[in-house]
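Peer 1: This is the structure I have questions about; it appears just below.
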């Protein structure tokens, strides 16, 4: 008797439902781990933000007091302002990655060497990137000030100046982020339909018109992923700041993720509830931006 049938000869439960059950079974381990390590901690953060807790003793319920304190906290607004600057300038990685990918997609001599050079920032650690740019900006022996000296300009302490420190760190972060976007677009360019490109050429499209009307619409999935990953990277930026400035000078390079670490886990307080409140604000900002792009992509798909 066939394995797919029971004693009465009727098809078994698995045989009847395997197409419906197989995807769920494959997804189940991933969904389980995602729920345990992502979804549940999000709700725990919301709950913890309503308490005052030092991480060891009993937690005291304080309601919305942590959020009220955030409202009057100048360091919070400094961190929020820096996050907005990060968010705006970090998006430059997307067009930067696109144009590098378009260049690397050409057939030119030594293209493999160029690809390796542009790919290199993506494979090294953010900590290493932070250290390299710290040395690059150093006012005594850094390469930046050596180049400025060649044109007769004085030394600039990028990381020691409260007006330039955030922009210096963002520039360092753009280096690997642009490489990541480049990889996404290189993958997308491999899926561009050559027949559509040829049809565009026959219609007289070339240069910017070809890019805007023929190539970019086919790169929409890659663009969406690049936007989401770049926004998340900008809003949760931590490691570069920790390595390069530790929030200084005078706390002017803080962002929400680093300020959350300071108030919750550093020597400044062990205020877990207050740190959780900052995490909730950061999560809601991410949710708004990613929700906006998801809704826009859904509308574009429906319209298409």
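Peer 1: Report, as a whole number in µm² per second, the diffusion coefficient that Stokes-Einstein gives for the chain at 25 °C and 0.890 mPa s using the Kirkwood radius over alpha carbon pairs.
Peer 2: Rounded to a whole number, D works out at 106 µm²/s.
Peer 1: Given a Förster radius of 41 Å and the C-beta distance between residue 120 and residue 72 as r, what FRET efficiency does 1/(1 + (r/R0)^6) yield to the nearest 0.05?
Peer 2: Efficiency computed from Cβ-Cβ geometry: 0.35.
Peer 1: State, as an integer percentage, the relative contact order of the chain based on alpha-carbon contacts under 8 Å between residues 6 or more apart.
Peer 2: The normalised contact order for the chain reaches 26 percent.
Peer 1: Could you run the Debye sum over the Cα atoms of region 26-82, one equal point scatterer each and no solvent, and tell me log10 of I(q)/I(0) at q = 0.12, 0.20, 0.21, 0.23 Å⁻¹, two decimals?
Peer 2: Computed log10 I(q)/I(0) values: -0.47, -0.86, -0.89, -0.94.
Peer 1: With N set to the number of residues, divide the alpha-carbon radius of gyration of region 110-154 by 2.2 N^0.38 Å and report two decimals.
Peer 2: For region 110-154, the normalised Cα radius of gyration is 1.51.
Peer 1: Could you give the length gained on full extension between residue 297 and residue 143, defined as 0.36 nm per residue of separation minus the Cα-Cα distance, in nm?
Peer 2: Difference between extended and current length: 51.2 nm.
Peer 1: Next up: Determine the gain in length on full extension of the stretch residue 92-residue 284; use 0.36 nm per residue of separation and subtract their C-alpha separation, reporting nm with one decimal.
Peer 2: Using 0.36 nm per residue and subtracting the Cα-Cα distance, I get 66.8 nm.
Peer 1: Further, regarding this structure: FRET efficiency for residue 128 and residue 199, Cβ-Cβ distance as r, R0 = 41 Å, nearest 0.05?
Peer 2: 0.35
Peer 1: Per residue of the chain, what 222 nm ellipticity follows from adding -39500 (n - 2.57) for every DSSP H run with n ≥ 4, rounded to the nearest 500?
Peer 2: Computed ellipticity for the chain at 222 nm equals -21000 deg cm²/dmol.
Peer 1: Of 159, 98, 64, which is the most mobile in a GNM of the chain whose springs link Cα atoms less than 10 angstrom apart?
Peer 2: Looking only at 159, 98, 64, the biggest GNM fluctuation is shown by 64.
Peer 1: In addition: Rank 287, 32, 189 by mean-square fluctuation in a GNM of the chain with C-alpha springs under 10 angstrom and give only the top-ranked residue.
Peer 2: Comparing 287, 32, 189 in the GNM, the peak value goes to 32.
Peer 1: A further question on this structure: Determine, for each peptide in 136-142, 146-152, 249-255, the mean count of other beta carbons within 10 angstrom over its residues, then list the peptides with the highest first.
Peer 2: The densest-packed peptide leads the list: 249-255, 136-142, 146-152.
Peer 1: So, in Å, what gap is there between the alpha-carbon centers of region 233-304 and region 173-195?
Peer 2: Centre-to-centre distance over Cα atoms comes out at 25 Å.
All of the numbers you see were taken from the coordinates with simple rules; none came from a lab. Given the structure is predicted, the values throughout are model-derived calculations rather than measurements. Cβ atoms come from the backbone with ideal geometry, glycine included; neighbour counts cover every protein chain shown.
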